[in-house]
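The values are calculated or read from the model by the stated rules, or taken from the named source; none is laboratory data. Values in this document were obtained by computation on a predicted structure and should not be read as measured data. As a convention, Cβ positions derive from the backbone with ideal geometry for all residues, glycine included, and neighbour counts pool all protein chains shown. In case anyone asks, the SASA skips ligands and DNA or RNA and just uses the protein heavy atoms, side chains included. Shrake-Rupley method; radii C 1.70, N 1.55, O 1.52, S 1.80 Å.
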Amino acid sequence: MNAETKPNQIIIAHSSLAEYEFDGDDGDRYYLPARGLADAPAFIKDGRTPVVIVPSYQPIRDLAHFYERTLNGGKQFDIVETDDNHYLMDRDIATSDTILADLNKRNGNEVIELYPYGVTDEFLSWAQPLIDKGAVLVGDKKRYLDTRWWGHKGGLHRWVDNLHCPSFAEKSGMIVADGFVARNKDEMLEACDLLGTHNVMLKPYILSGGFDMKACSTPEDVADYKIPLMPGGKKGEEMPVAVEKLLDIDKDQHGELAYSLQFTGTRLVGKLTRQLVHGVTHWVGNQIPAETSDEFEKEAIDMVQNFLSKGAPQGPGGVDIVSVKGKPVIMEINGGRPTGAHNPKMFKEAFAPKAPATIFEKEDNVDLLGTNVETVWDRLSTKNYKRSPLAFNPKTQLGVYPLVWMKNMWSMLISFGMDMNDSKARLEEAKKILYSR
């Protein structure tokens, strides 16, 4: 197949991952498939035919109907529901003769494209036969045990038990924080000795979103850290941990200057974004433009494009970047999965390409999310902002849209404005009427 030719049918199957199952946030089971569903309108706008596999769950059905009504002219999506017997939707797909027969038939009629959240063993248990028969995979196999894989934090530094072997980052010319990767508490303390400080950030090497990260300043802080267990490992096996020297990250009135770039394969998706972070590590959203200098953005893009040429990813991922003394430093590569910024950027490209400023923000406090998505839209549509409804208007490309809304679980709002202050003001107005405080 020509590299520029894409199959018409794209199968979106965003199952959660094994490492998320016991992280205290059981919502992954539903909102990750829902985030996959949220991609459907953008794919349709691009001339594709999405087939979305989701768990049998009423709030996801409500979300599908909402997208159909507000973005797809009332036309129905092709939705395939699983029985929702397992936390990992991939396991439900693998055990459904009906779904497997349907996918085989589709792949026999025309080549299909598979777009998972993660290319894991659970995903491949049902997808590999389709791939063997010609289905196109958009994604990179999760290489958890490959200590030099670029897609997790193990690729950014040398390992304490193998100090002579250069990291992927060294080979690709990326500028990263000083650090080492340790397999246990003793090696974590040894890493601190090698760095000459206990002022470090501890990062489990395959988790994302800021979960289980810890800033330390003393040996006791390091020793008290609870290391997460390794998914798919032996019973009680601990996950490797990146031990990084704390950086003096540049700040402005809004906090630390943290940014990100997203990619799919070797193609960058949209522009550099400014990350929005609550506390020290918890990601809550992004804004576009990043409002940094052209020189900084160019340096960041050049570094990421060099990584893409060396790593040659096949699927989606993201790169987190911070500013240190005015220069970009790569903090993390989120490989082998779409990031939380992929869908908002796809939505912007499809429905608001001319919007001057964009901000999107998530909320996972269930106490604030007691309304369903249709009520959310009604409130946005009846609330005026500068003499126009607050709800997103595709004609003006201004307003607020509930990009993902799962009642009593999780939401993401996206706001488009004439400039960043206007975009933020619209978002704050929406939050006032949607989130009870």
**OP:** Could you tell me whether any residue of region 224-233 is more than 22 Å from Lys327 (Cβ to Cβ) and not in a loop (DSSP other than H, G, I, E, B)?
**Re:** yes
Subject >> Given (1) within 22 Å of Asp248 (Cβ to Cβ); (2) at pLDDT below 85; (3) crowded, with 19+ Cβ neighbours inside 10 Å, index of the condition Ile206 fails >> reply: (1)
**OP:** Taking Leu380 as the residue in question, decide whether it is hydrophobic (A, V, I, L, M, F, W, C) and in contact with a Ser or Thr (Cβ under 9 Å, 6 or more places away or on another chain).
**Re:** no
**OP:** Could you tell me whether region 180-195 includes any residue that is surrounded by 18 or more Cβ atoms within 10 Å (Cβ to Cβ), in contact (Cβ under 8 Å) with a residue 40 or more places away in the chain and of a type in the set (Val, Ile, Thr)?
**Re:** yes
Subject >> Cβ pairs under 9 Å, 6+ apart, first in region 393-422 and without any contact (Cβ under 8 Å) to a residue 24 or more places away in the chain and under 18 Å from Leu63 (Cβ atoms), second open to solvent by less than 10 Å² (accessible area, probe 1.4 Å) and of a type in the set (D, E, K, R) >> reply: none
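Which one of Gly134, Gly108 is on the phi > 0 side of the Ramachandran plot and in contact (Cβ under 8 Å) with a residue 24 or more places away in the chain?
So the residue among Gly134, Gly108 that is on the phi > 0 side of the Ramachandran plot and in contact (Cβ under 8 Å) with a residue 24 or more places away in the chain is Gly134.
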**OP:** Output yes when any residue across region 378-397 is under 23 Å from Lys271 (Cα atoms) and crowded, with 19+ Cβ neighbours inside 10 Å, and no when none is.
**Re:** yes
**OP:** Please identify the pairs in which a residue from region 157-174 that is surrounded by fewer than 18 Cβ atoms within 10 Å (Cβ to Cβ) has its Cβ atom under 7 Å from the Cβ atom of a residue that is assigned to a loop (DSSP other than H, G, I, E, B), counting only partners at least 6 apart or on another chain.
**Re:** Asp161/Arg183
**OP:** Looking only at region 242-254, decide whether some residue is free of Cβ contacts under 8 Å to residues at least 40 places away in the same chain and within 22 Å of the chain's Cα centre (by Cα).
**Re:** no
**OP:** Output yes when any residue across region 70-81 is in a helix (DSSP H, G or I), closer than 24 Å to Val400 by Cβ and more than 23 Å from the chain's Cα centre (by Cα), and no when none is.
**Re:** yes
**OP:** For Lys310, indicate whether it is in contact with a helix residue (DSSP H, G or I) (Cβ under 8 Å, 6 or more places away or on another chain) and assigned to a helix (DSSP H, G or I).
**Re:** yes
Original post:
If Pro316 satisfies every condition in (1) in contact with a Gly (Cβ under 6 Å, 6 or more places away or on another chain); (2) more than 21 Å from Leu247 (Cα to Cα) but one, which is the exception?
Top reply: (1)
Original post:
Is region 87-103 home to any residue that is hydroxyl-bearing (Ser, Thr, Tyr), outside any strand (DSSP E or B) and under 24 Å from the mean Cα position of the chain (by Cα)?
Top reply: yes
